[in-house]
Amino acid sequence: MKNIDRMFVLTGLVFLLIGMAFGLKMSATMDFTMRGLHAHLNLLGFVLMTLFGLCYRSWPKMQEGKLATVHYSLHTISVATGLALLYFLFTMPEHGVKIGPAMNIALGFTYLGILLFTYLVFTRVRD
């Protein structure tokens, strides 16, 4: 994918806007039920994706081939899915038995994406 570094940062900004919206809503209503979702949107969404983008920008060799695109797709889809399921878990706790395992699977794919990123750093980043 061309400009994978830019795509990571732009997508991270979208996650940040959503996470901050949850933060503003919690502050306005004094209902902090969604604090876990707010934190994960900002950390897994914005912070981590921005860090990924900066790394891809700093070490262009990491972008070669298809693995960077796989990493971007895997991280974006799994974080969006996992955090959407977390939202439903918070709003419909009575369905936790069904939602929890699906959320764990989605966030397991997030972990796989981080493993892929680690592989790219160790194999393609040289001085």
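Only the coordinates and a few stated rules stand behind these numbers; no lab work does. Treat the numbers as computed from the prediction; the structure is a model and nothing was measured. Neighbour counts are summed over all protein chains in view; Cβ atoms, including those assigned to glycine, are modelled from backbone coordinates with ideal geometry.
Some observations on this one:
- D (Stokes-Einstein, µm²/s), Kirkwood Cα radius, the range 4-124, 1.002 mPa s at 20 °C: 143 µm²/s
- Ala39-Met92 pseudo-label distance in nm [points 7 Å out on the Cα-to-Cβ vector]: 2.5 nm
- Shape metrics for the range 80-127, restricted to C-alpha atoms - Rg then Dmax, Å: 15.3, 52
- Here the spin labels are modelled as points 7 Å beyond Cα on the Cα-Cβ line, and at Val14 and Ser73 they lie 1.5 nm apart.
- With a simple spin-label model that places each label point 7 Å from the Cα along the Cα-to-Cβ direction, the separation between Ala102 and Ala21 comes to 2.1 nm.
- Straight Cα distances below 21 angstrom link Lys66 to the lysines Lys2, with same-chain residues fewer than 8 positions distant left out.
- The listed peptides 44-53, 82-91, ordered by packing as a protection proxy, come out as 44-53, 82-91 (highest mean of other Cβ atoms within 10 Å first).
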